[in-house]
Amino acid sequence: MAQKQLAVVTGGMGGLGESISTKMADAGYKVVVTYSPSNTKYKSWLDEMKGRGYSFSAYPVDVVSFEDSAAKCAQIQKECGNIDILVNNAGITRDMTFKKMGKADWDAVMHTNLDSCFNMTKQVMDGMVERSWGRVINVSSVNGQKGAFGQTNYSAAKAGIHGFTKALALEVAKKGVTVNTISPGYIGTKMVTAIPKEILDSKILPQIPVGRLGKPEEIAGLIIYLCSEEAAFVTGANISINGGQHMY
Ligand code: CAA
């Protein structure tokens, strides 16, 4: 059955997204990646992937816009087939202390990280319910669970994601559709390596009991599990994957 399922991964060319997309393709899923319309490097990414043996369909989707999400999801379903799995992975940071944060920094993070979950999920949920099978996986963060210095916007958006997950999971639980949140900790992607080195070394790494950053493929492995038949009883969950940084 895995061969026939179509997965859409938002932000599918990014640090986590690339690993999620390639591992899902390795697992037999047909994967469509979406990327920000402002991403000018999408062609070279697709070429690089081709060189590695992956031929992804890719669509520019402004996940901040409900209209663009609707139009592109309709196009994807017409050109590639029904969307069975949605990984809401697209996200940004605009880290700064609350004192320095402006309304635009707040809005950008809320729109990209939280509104996007509504904008994209809205396009696929009715179809999943009609077909009695679906998986929605919302990528949150340890910092949505515990808060983070310099991330009032990001922590709020990521915490909001899990509220969305829980409410929607209740509504579709009897319909064969699961909705889950995963909360990665600090993973070795550009988003994390952009943190000033002295902050990473002195404030963050010492808080990770496993003693290292996570690997993107470790996140992808969890997503593949959540897509499986064996995970049909997991819904409304928020699964932490953070090297022991935050336990509750
Ligand atoms: N905990 C406690 N104190 C901290 C801190 C932390 N995590 N980070 C910074 N501080 C302290 C600094 O030590 C400094 O203290 P003093 O004034 O006493 O020296 C003070 O806060 C100001 O720090 P900066 O000089 O760094 O201030 P800044 O305005 O230049 O930068 C910042 C602030 C942008 C928040 C910067 O500290 C930073 O980038 N911090 C990391 C934020 C972070 O963890 N982001 C996560 C990104 S990864 C991600 O989001 C993925 C995911 O899901 C996990």
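The values are calculated or read from the model by the stated rules, or taken from the named source; none is laboratory data. Keep in mind it's a predicted model, so treat the numbers as computed, not measured. Cβ: placed from backbone, ideal geometry, glycine included. Neighbour counts: every protein chain shown. Heads up: the accessible areas ignore ligands, DNA and RNA and are worked out on the full protein's heavy atoms, side chains in. Shrake-Rupley method; radii C 1.70, N 1.55, O 1.52, S 1.80 Å.
Values computed for the structure shown
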| read-out | value |
| --- | --- |
| Pairs, first closer than 17 Å to residue 177 by Cβ in the range 77-103, second of a type in the set (Phe, Trp, Tyr) and open to solvent by 20 Å² or more (accessible area, probe 1.4 Å), C-beta under 8 Å, six or more apart | 84/133; 85/29 |
| Scope the range 216-227; condition in contact (Cβ under 8 Å) with a residue 12 or more places away in the chain and away from the ligand (no atom under 14 Å from the Cβ); matching residues | 217, 220, 221, 222, 223, 224, 226, 227 |
| Residues of the range 103-129 classified as open to solvent by less than 10 Å² (accessible area, probe 1.4 Å) and either among the basic types (Lys, Arg) or within 14 Å of the ligand (Cβ to nearest atom) (or both), total | 2 |
| Criterion violated by residue 132 - all others in (1) over 14 Å from the mean Cα position of the chain (by Cα); (2) at negative phi; (3) more than 10 Å from the ligand (Cβ to nearest atom) satisfied | (2) |
| Count - residues of the range 137-162 that are in contact with a strand residue (DSSP E or B) (Cβ under 7 Å, 6 or more places away or on another chain), more than 7 Å from the ligand (Cβ to nearest atom) and either at pLDDT below 95 or among the aliphatic types (A, V, I, L, M) (or both) | 3 |
| Some residue of the range 176-197 being of a type in the set (D, E, K, R), open to solvent by 10 Å² or more (accessible area, probe 1.4 Å) and within 16 Å of the chain's Cα centre (by Cα) | yes |
| Count of residues meeting criterion [of a type in the set (A, V, I, L, M), under 16 Å from residue 144 (Cα atoms) and within 6 Å of the ligand (Cβ to nearest atom)] in the range 179-198 | 2 |
| Residue 18 vs. criteria of a type in the set (Asp, Glu) and surrounded by fewer than 20 Cβ atoms within 10 Å (Cβ to Cβ) | no |
| Selection count, the range 188-220, where residues are part of a helix (DSSP H, G or I) and either within 21 Å of residue 14 (Cβ to Cβ) or of a type outside the set (S, T, N, Q) (or both) | 18 |
| Test: residue in the range 202-218 that is over 28 Å from residue 74 (Cβ atoms) and modelled with pLDDT under 95 | yes |
| Per-region count, the range 1-47, residues within 21 Å of residue 93 (Cβ to Cβ), touching a residue at least 60 places away in the same chain (Cβ under 8 Å) and assigned to a loop (DSSP other than H, G, I, E, B) | 4 |
| Residue check for residue 93: touching a helix residue (DSSP H, G or I) at 6+ places or on another chain (Cβ under 6 Å) and within 16 Å of the ligand (Cβ to nearest atom) | yes |
